[in-house]
Number of protein chains: 2
Amino acid sequence: MKITEMNGGIVAPSGFKAAGVHCGLRKNRSRLDLAMIYSDVRCAAAGVFTTNKVFAAPVGVDREHLSDGYAQAIIINSGNANTCSEDGYEKAGAMIACASEVLGIPEKDVLISSTGVIGVPLPIKPILEGIPMLKEKLSSEPSGSEDAAVAIMTTDTKKKEYAIKYQFGGKDIKIGGICKGSGMIQPNMATMLAYITTDASISPELLRKSLKHCADLTFNMVSVDGDTSTNDTLIVMASGLSGAAVINEENEAYEAFLEALLNVCMKMAKYIAADGEGATKLIECKITGAKTEQDAKILAKSVIRSPLVKCAMFGADANWGRVLCALGYSGADFDVDAVCCSFRSTAGEIEVCRNGVGCGFDEDIAKEILIRNIITIDCKVGDGAYEATAWGCDLSYEYVRINGDYRS
Amino acid sequence: MKITEMNGGIVAPSGFKAAGVHCGLRKNRSRLDLAMIYSDVRCAAAGVFTTNKVFAAPVGVDREHLSDGYAQAIIINSGNANTCSEDGYEKAGAMIACASEVLGIPEKDVLISSTGVIGVPLPIKPILEGIPMLKEKLSSEPSGSEDAAVAIMTTDTKKKEYAIKYQFGGKDIKIGGICKGSGMIQPNMATMLAYITTDASISPELLRKSLKHCADLTFNMVSVDGDTSTNDTLIVMASGLSGAAVINEENEAYEAFLEALLNVCMKMAKYIAADGEGATKLIECKITGAKTEQDAKILAKSVIRSPLVKCAMFGADANWGRVLCALGYSGADFDVDAVCCSFRSTAGEIEVCRNGVGCGFDEDIAKEILIRNIITIDCKVGDGAYEATAWGCDLSYEYVRINGDYRS
């Protein structure tokens, strides 16, 4: 299927507007800190949230509001996580009520997210003042998506948006997204937030199913530092305004949508991995030949998470022993004596380990490959039929600086 | 029971000699790289080894040699891990055969360990030349233990030895140990090695049981970077030369031995945590009120492993939200709304979170507490009866430098 990249992020799909404003949660007046995503019509909607037992009030609220499978607007603030404070649900309720009134839609169709410092009461006044400003600024121009993408950033170094279109049944169907990565805020908590809009017409059930499927293969295969935030959120809203027929069974139209959604999720997951705190490289670990899908995933994530592998990649050091070590302690089943391992980048590919034993290789060629900024670690762990890919980044001095600095 | 610290490390207990030499595995001629621990008599012996599926040839050999519960000598080289190379077992066999001949003891009573670069064939000639030199240098003076402790060091910044004595049945019983921490070697693999000697007289079965018990509470609760090496080894040898009665049931004498052994293991585990690569602080996380022992252990280790907590400790930042976050994603069962959390050091103690919610605290006082070099994080996670403590260190620029540097 032909998937074409396009501009406009979350407002590329028909029916969506977005905005970002500075409401005052951040001291720096030039930094946007509140975003809104709005659909002209009520949307089928689904979400995937943190598995952390400690979760933010907005996560609790969104889970409930998505139980009926519909939503129409999302409000997102940066600067405060609204987690572990006594009045978290009260403040979340106030955000919802305000947006509902300002937008003239039911409270149940409003979703909210917060990212930032944990355990500090959320300043609600700036948010209640900011919501009407957001409504005024709502725009279906690319600037609307851009402002929203900027307003949700924390220590991200780049705003992250993406949009694509594909054709099905003679209609253009569009999917767009914005996200923020595992950055700390001033510096308190890593949070991954991602919002996807589409004008596909799809039932809430299938939207939920497709989102779960794509999240498992993309966002859930990203690890920046192994910490799982209290606020992680991925939400998709489908306006149905593409004009294409409604997808309410797992037919060809569903398969096409799934492929396109996977494309968007994959792109955004890689954005997040590559912009991990202090990251200088995107690291990809591809496992093949595993005995089960679960084993493949565990192995790939174990390599990506290993601080020693991450430091080696930072140093462009072909330290394959650390890769084997990470496979070995992952807990997954595989045959140690069957492991073959290579490093790959735009500069070429080099095999470093064959059947569990190091193969002599040219360190200079390896270095040439590893100094690039996208590195793939390929590991064949046997003759099994399963494979998986995980994404992460290297571990640099900058990560320690960002996260070790005194709060101020 | 009164436990008294004493000098002499592994040669403090009666019957033991040790030595360290430079045999040539390291280029720097002033660095010792081969150690021997020898007992005048055959010892009850037990070991605990890495759980990594990828393990070194010496680990495989030691597991077999300890199956009968006895040993008399240990040879340890630094500079090469003898892991993931085709002739690993052949070279391990050559080390064993040489030591057996030089010392005049059965091969099965010789144990070996290797630590260093992975996947590079072990240079065997320097080791075979070094073993007779070690025999010549064997000494029951403290210098023997010191040399052995130095010879097993990799990126450790300090040699690690410790010895204690306690009285039972009118006899002095001594336990000594040397260990090395999770350092990388030039820089390829983290490995924890620890060797304990005692002149207690104890059956191999109870020695094994006591070692497992103590390892679970100490070495297995240490995490420097979450990576589990291919070579991790903990061995204890009991000469029985104290003159005290043999311990062959779980009586008072066993309980006394267990307490003393735990003391030694705890001290050495803390040495290793405090000297983690790039560490500036020892971090201790004590969990109380857990529903099961397993939950307590998982929670404590999750906090100690969290890169975000480790960076916060490096920066003396009272970032308790990261502690809650690490508890939350640990997978252990606990009541989020019951969590109370404090930071403690020689400068005092400060409560930062009560019943899952931040309690206002004085950041200056918190900083005063956290700038010290031993920090305890206390977390009460409910009303359960179980507790556990884990040890680790902070995450500093130096960790990244050590592990990101090009090999050379």
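The values are calculated or read from the model by the stated rules, or taken from the named source; none is laboratory data. Quantities reported herein were computed from a predicted structural model and do not represent experimental measurements. Heads up, the Cβs are rebuilt from the backbone with ideal geometry, glycines too, and the neighbour counts pull from every protein chain shown.
Here are the numbers for the structure shown:
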read-out: Checklist (1) under 15 Å from residue A:320 (Cα atoms); (2) at pLDDT below 95 applied to residue A:381, failing item; value: (2)
read-out: Matching entry among A:104, A:93, A:69, A:130 (being more than 14 Å from chain B (Cβ to nearest Cβ) and crowded, with 24+ Cβ neighbours inside 10 Å); value: A:130
read-out: Of residues in region B:278-296 being part of a loop (DSSP other than H, G, I, E, B) and away from chain A (no Cβ under 11 Å), the one surrounded by the most Cβ atoms within 10 Å (Cβ to Cβ); value: B:279
read-out: Some residue of region A:42-53 being away from chain B (no Cβ under 14 Å), surrounded by fewer than 22 Cβ atoms within 10 Å (Cβ to Cβ) and among the basic types (Lys, Arg); value: yes
read-out: All positions within region A:271-290 that are among the basic types (Lys, Arg) and more than 11 Å from residue A:380 (Cα to Cα); value: A:281
read-out: Residue within region A:159-166 that is surrounded by 21 or more Cβ atoms within 10 Å (Cβ to Cβ), charged (D, E, K, R) and in a loop (DSSP other than H, G, I, E, B) present; value: yes
read-out: So residue A:12, is it touching a helix residue (DSSP H, G or I) at 6+ places or on another chain (Cβ under 7 Å) and either more than 23 Å from residue B:336 (Cβ to Cβ) or outside the structural domain of residue A:232 (by TED's automatic domain parsing) (or both); value: no
read-out: Verdict on residue B:317 being surrounded by 18 or more Cβ atoms within 10 Å (Cβ to Cβ), among the charged types (D, E, K, R), in the same structural domain as residue B:387 (by TED's automatic domain parsing) and assigned to a loop (DSSP other than H, G, I, E, B); value: yes
read-out: Residue list for region A:358-375, restricted to those being surrounded by fewer than 18 Cβ atoms within 10 Å (Cβ to Cβ) and either in contact with a Lys or Arg (Cβ under 9 Å, 6 or more places away or on another chain) or of a type in the set (A, V, I, L, M, F, W, C) (or both); value: A:359, A:361, A:363, A:365, A:371, A:372, A:373, A:374
read-out: Residue that is under 22 Å from the mean Cα position of the chain (by Cα), modelled with pLDDT under 90 and hydrophobic (A, V, I, L, M, F, W, C), where the choices are B:260, B:274, B:300, B:256; value: B:274
read-out: Of all residues making up region A:244-263, the number that are assigned to a helix (DSSP H, G or I) and crowded, with 24+ Cβ neighbours inside 10 Å; value: 2
read-out: Among residues of region A:297-315, those that are touching a residue at least 24 places away in the same chain (Cβ under 8 Å) and within 7 Å of another protein chain (Cβ to nearest Cβ), counted; value: 3
read-out: From the options B:61, B:54, residue that is within 23 Å of the chain's Cα centre (by Cα), among the β-branched types (Val, Ile, Thr) and in a helix (DSSP H, G or I); value: B:61
read-out: Residue check for residue A:64: more than 14 Å from every other protein chain (Cβ to nearest Cβ), among the acidic types (Asp, Glu) and farther than 28 Å from residue B:321 by Cα; value: no
read-out: Members of region B:129-151 found to be farther than 15 Å from residue B:73 by Cβ and among the aliphatic types (A, V, I, L, M), listed by number; value: B:149, B:150
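Per-residue answers, yes or no, for (1) farther than 26 Å from residue B:402 by Cβ; (2) not hydroxyl-bearing (Ser, Thr, Tyr):
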| residue | (1), (2) |
| --- | --- |
| A:335 | yes, yes |
| A:355 | yes, yes |
| A:366 | no, yes |
| A:376 | no, no |
| A:380 | yes, yes |
| A:393 | no, yes |
| A:400 | no, yes |
